[in-house]
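For reference, the structure discussed in these notes is given below.
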Amino acid sequence: MKFIVLLLILSSSLLYASEYAESRVDMKLQRVSEHVYFVQGKAGIATDNEGFISNAAAVLTDEGVVVIDSLGSPSLASKFLKLIREVTDKPIVKVIVTHYHADHIYGLQVFKQLGSEVIAPAGYHEYFDSPASSNRLEERRVSLFPWVDEKTHLVRPDRVITANESFTLGGVEFAIQLFGAAHSDGDLAVLVKNDAVLISGDIIFEGRVPFTGGADTAHWLDLLKKLDTINLNALIPGHGGVASDPNGAIKSTLNYLQKVRDVMSVAVEEMIPFKEAFEAADWSEFSHLPAFEATHRRNSYGVYLSLEAEQF
């Protein structure tokens with residue numbers, strides 16, 4: 001009987017996976033702790049590496065798997081699912097989305113087809129229901145074709161997290177920490193208590209320049225300053241490698257955001273044009289990081305505009 005159930009699960013997974021263009025990226029399932037595995041996207045801009053630039057995690061329990069984030073295309077999610085199936089035949093019970101940005105959500109439909117419950121933070125709808133989400137999807141159907149195509153669609157969550165909460169599945173305790181609008185319109189992190197591993201989403205970037213977009217960098221900085229990492233064994237960021245030194249990972253993101261805000265704050269207060277302030281600043285401590293050339297100027301301009309808006 002168990003063998004038949006296993007065959008049904010595997011055949012179902014392969015059926016859904018076969019609906020999508022095959023991804024040829026190098027994706028490895030890395031074990032972080034007793035229950036936690038993750039795949040690490042390559043540092044780069046959104047359309048690099050077939051869109052595989054972000055991380056996703058899988059937490060294995062005796063009663064099923066909890067996936068955190070679903071990567072940037074159904075093809076990538078299908079590849080991730082195949083890797084999970086190499087280590088467990090348990091069903092994918094839940095998919096928790098740390099935030100609604102394209103590189104973390106376009107794979108959701110793969111898991112939704114398997115019957116997984118999709119959970120997202122309050123604020124997700126600011127992106128989901130905006131013209132920006134449909135415009136982004138249309139753009140990615142071109143820039144990431146065939147891995148994102150006409151069959152790719154946004155998945156609305158089954159449940160929305162509006163406060164911190166905990167749950168237990170198969171003997172593993174999970175704590176969901178709601179952050180509000182920081183990197184995105186709604187962010188959360190997942191702590192796997194048994195293993196003391198935090199999956200942080202994009203409030204932490206490791207080994208590359210963060211993407212700020214329209215972020216509330218003031219709130220983001222405040223969160224990083226208050227984030228408790230004392231008892232963590234490891235931290236899986238939204239982008240970059242697993243951090244065995246969580247404080248170092250937090251400090252890296254915090255220092256970048258603080259420097260950009262400090263420089264742009266002076267510019268706004270003294271009414272210095274953005275171009276002049278940006279080009280006069282010393283950014284050398286970050287210039288060696290991946291995505292610096294593609295992201296940093298845009299980040300700085302976004303912060304400049306947000307600081308102007310804060311004045312009013």
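The values are calculated or read from the model by the stated rules, or taken from the named source; none is laboratory data. In this text the structure is predicted, and so the values were computed from the model without any measurement. Quick reminder, even Gly has a Cβ in these numbers, built from the backbone with ideal geometry, and neighbours come from all protein chains shown.
Residues of segment 204-246 being free of Cβ contacts under 8 Å to residues at least 60 places away in the same chain, aliphatic (A, V, I, L, M) and either within 28 Å of E293 (Cβ to Cβ) or buried (at least 16 other Cβ atoms within 10 Å of the Cβ) (or both), which ones?
Scanning segment 204-246 gives I204, L221, L223, L224, L227, L232, L235, A243.
Scanning segment 135-158 for residues that are more than 18 Å from the chain's Cα centre (by Cα) and among the basic types (K, R), which turns out farthest from L108 (Cα to Cα)?
So the residue we want is R141.
Which members of segment 41-56 meet the condition of being surrounded by 23 or more Cβ atoms within 10 Å (Cβ to Cβ), touching a Gly at 6+ places or on another chain (Cβ under 7 Å) and not β-branched (V, I, T)?
Scanning segment 41-56 gives G51, F52, S54, N55.
Only one of H239, H183 is in contact with a Ser or Thr (Cβ under 7 Å, 6 or more places away or on another chain) and either under 18 Å from I68 (Cα atoms) or among the aliphatic types (A, V, I, L, M) (or both). Can you tell me which?
Unique residue meeting the criteria: H239.
S75: among the small types (G, A, S), modelled with pLDDT of 95 or more and either under 17 Å from E19 (Cβ atoms) or buried (at least 23 other Cβ atoms within 10 Å of the Cβ) (or both), yes or no?
Against the criterion (among the small types (G, A, S), modelled with pLDDT of 95 or more and either under 17 Å from E19 (Cβ atoms) or buried (at least 23 other Cβ atoms within 10 Å of the Cβ) (or both)), S75 qualifies.
Suppose the filter is over 21 Å from Y100 (Cβ atoms) and basic (K, R); does K226 pass it?
It is true that K226 is over 21 Å from Y100 (Cβ atoms) and basic (K, R).
Return only the number of the condition from (1) farther than 27 Å from H183 by Cα; (2) out of contact with any Ser or Thr (no Cβ under 9 Å at 6 or more places or on another chain) that S54 does not satisfy.
The number of the failed condition is (1).
Go through segment 275-301 and report how many residues are surrounded by 14 or more Cβ atoms within 10 Å (Cβ to Cβ) and modelled with pLDDT under 95.
6
Per-residue answers, yes or no, for (1) of a type in the set (D, E, K, R); (2) closer than 22 Å to L224 by Cα; (3) modelled with pLDDT under 95; (4) surrounded by fewer than 17 Cβ atoms within 10 Å (Cβ to Cβ):
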site	(1), (2), (3), (4)
G248	no, yes, yes, yes
N255	no, yes, no, yes
V263	no, yes, no, no
A267	no, no, no, no
P273	no, no, no, yes
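Which residues, taken from segment 204-245, are more than 22 Å from W283 (Cβ to Cβ) and aliphatic (A, V, I, L, M)?
Selection gives L223, L227, I230, L232, A234, L235, I236, V242, A243.
Take the residues in segment 129-164 that are touching a residue at least 40 places away in the same chain (Cβ under 8 Å) and part of a helix (DSSP H, G or I), then tell me which one is surrounded by the most Cβ atoms within 10 Å (Cβ to Cβ).
R140
Hey, can you tell me all the residues within segment 165-195 that are outside any strand (DSSP E or B), of a type outside the set (S, T, Y) and buried (at least 16 other Cβ atoms within 10 Å of the Cβ)?
A181, A182, H183, D185, G186, N194, D195
Just checking, how many residues over segment 255-307 are without any contact (Cβ under 8 Å) to a residue 40 or more places away in the chain, among the hydroxyl-bearing types (S, T, Y) and within 21 Å of D48 (Cβ to Cβ)?
Count: 1.
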